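What follows is calculated from the coordinates using simple rules that are stated; it is not laboratory data. All figures in this text were calculated on a predicted structure; none of them were measured in a lab. Please note: Cβ atoms are built from the backbone with ideal geometry, for glycine as well, and neighbour counts cover all protein chains shown.
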Amino acid sequence: AVAGEDVIRAGKMFEKMGQSIGAQVPILGVVENMSWFEAPNGERHYLFGEGGGQRIAGTFGVPLLGQVPREMGITQGGDSGIPIMVSHPHSPVGAVYGEIAGGVARRIATLAMESGA
């Protein structure tokens, strides 16, 4: 809950800073990191409770772009310098990142069309 409140405060500060310099940089969406981990029996365990990312997205009126699970491959990839999207692009986590990237691309296209850019 504390991390979620920090994100909301940071997002509001981001919006204010943009307004203060006359820039409009939209928040495209929310990505919930370390949403859950999957036990060997396939059961999902939500480390920080469920629904936090959706609540934050709702606060800003943007979509929840994805929920990234807690996965050792992500940590190992970061430590080795080989991102999981390079080492295991077709893994379940790779699919999550692919969905997030697609969501970002769709949001950019939608906002561009709405602004007439």
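Structure values in brief
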{"read-out": "Of all residues making up segment 62-84, the number that are assigned to a helix (DSSP H, G or I) and hydrophobic (A, V, I, L, M, F, W, C)", "value": "3"}
{"read-out": "Members of segment 21-48 found to be β-branched (Val, Ile, Thr) and free of Cβ contacts under 8 Å to residues at least 40 places away in the same chain, listed by number", "value": "Ile21, Val25, Ile27, Val30"}
{"read-out": "Criterion (closer than 19 Å to Pro92 by Cα and surrounded by 14 or more Cβ atoms within 10 Å (Cβ to Cβ)) met by exactly one of Glu43, Glu71", "value": "Glu71"}
{"read-out": "Any hit, segment 22-31, residues being surrounded by 10 or more Cβ atoms within 10 Å (Cβ to Cβ), farther than 25 Å from Ala112 by Cβ, under 19 Å from the mean Cα position of the chain (by Cα) and not charged (D, E, K, R)", "value": "no"}
{"read-out": "Residue match in segment 84-95 (condition: within 26 Å of Asp6 (Cβ to Cβ), without any contact (Cβ under 8 Å) to a residue 12 or more places away in the chain and in contact with a Pro (Cβ under 7 Å, 6 or more places away or on another chain))", "value": "no"}
{"read-out": "Hits in segment 56-110 (condition: within 14 Å of the chain's Cα centre (by Cα) and farther than 26 Å from Glu43 by Cβ)", "value": "Gly58, Phe60, Val62, Pro63, Ala101, Gly102, Gly103, Val104, Ala105, Arg107"}
{"read-out": "Members of segment 49-61 found to be of a type outside the set (Ser, Thr, Tyr), within 17 Å of Gly11 (Cβ to Cβ) and either in contact (Cβ under 8 Å) with a residue 40 or more places away in the chain or in a helix (DSSP H, G or I) (or both), listed by number", "value": "Gly52, Gly53, Gln54, Arg55, Ile56, Ala57, Gly58, Phe60"}
